[in-house]
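Notes follow the structure.
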Amino acid sequence: MKRASTMLALPLLLSACGLHPVYGGGSHGVVAKGLGHVEIAPIEGKAGWLVRNALADRLDPLAQGGDGPSYRLVVTLDDKITGFGIRLDDAVTRERRTLRARYQLFDGATGVQLLDKTAGSDAGLDVASSEYATIAAEDTALERLSQTIADQIVAQISQRAATQDK
C-alpha cells in the first residue's frame, strides 16, 4: 500500500521540480527556433569527417523548423591512441583511444563568440594478434567516440538555446 502511494505521488513531485524537456515542442520548440541554422565548419581528418557528419545528423533536424539566427560551429579535434598493457616481449596488449574536441559557437551575423567549450571521450580496446582486427577495433572505437562527442556538443548548444530566452 505504501509503495503504491509513493508511485502515485512520484509524477506530482517530478512536475514540481522545474525540469522541462530541452527538445519540447519538436521542430517548433524553443531549441529549434533558437538554433535557427548552424553551419559546421570543415574538420580535419577521418575523425573530423565522422564528428562533422554526426553533428549534421543531430543539428539539421532541429534547424528545419528554426527561424532564429544563424551560427557557425568550429571544432578542433585531438585524437590519440596510447598503448599500455605491455607483455614481457614488449608487445602492447591494450590501447586507449582518446578523442577530445574544442568547439566554439559564433553568431553568424556578428561573429561574436557565444560558446567556447570542450568535449571528450575515450575507449579501451584489446590489441589482437591480427593487425587487421586491431585496426578494425580502432576504427570502431573512433566511430563510437565521434557519436559521443557530437552528442555532448549538441547537448551544450541546445542547453544554451533553451536558456537564451529565459
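Could you go through the range 102-112 and let me know if any residue there is modelled with pLDDT of 95 or more and closer than 20 Å to T82 by Cβ. Taking every residue of the range 102-112 in turn, at least one turns out to be modelled with pLDDT of 95 or more and closer than 20 Å to T82 by Cβ.
Just to be sure, is S158 under 24 Å from L59 (Cβ atoms), without any contact (Cβ under 8 Å) to a residue 40 or more places away in the chain, small (G, A, S) and surrounded by 17 or more Cβ atoms within 10 Å (Cβ to Cβ)? Criteria not met by S158. The condition (being over 15 Å from V38 (Cβ atoms), touching a strand residue (DSSP E or B) at 6+ places or on another chain (Cβ under 6 Å) and either modelled with pLDDT of 90 or more or hydrophobic (A, V, I, L, M, F, W, C) (or both)) is satisfied by just one residue among A133, A91, A119: A119. The set of residues in the range 136-166 being in a helix (DSSP H, G or I) and acidic (D, E) consists of E138, D139, E143, D151. None of D107, D139, D126 is farther than 18 Å from Y71 by Cβ, among the acidic types (D, E) and in contact (Cβ under 8 Å) with a residue 24 or more places away in the chain except D126. Could you please find all residues in the range 96-113 being outside any loop (DSSP other than H, G, I, E, B) and surrounded by fewer than 14 Cβ atoms within 10 Å (Cβ to Cβ)? Within the range 96-113, D107, Q113 qualify.
The values are calculated or read from the model by the stated rules, or taken from the named source; none is laboratory data. This is a predicted model, so every value here is computed, not measured. Neighbour counts are summed over all protein chains in view; Cβ atoms, including those assigned to glycine, are modelled from backbone coordinates with ideal geometry.
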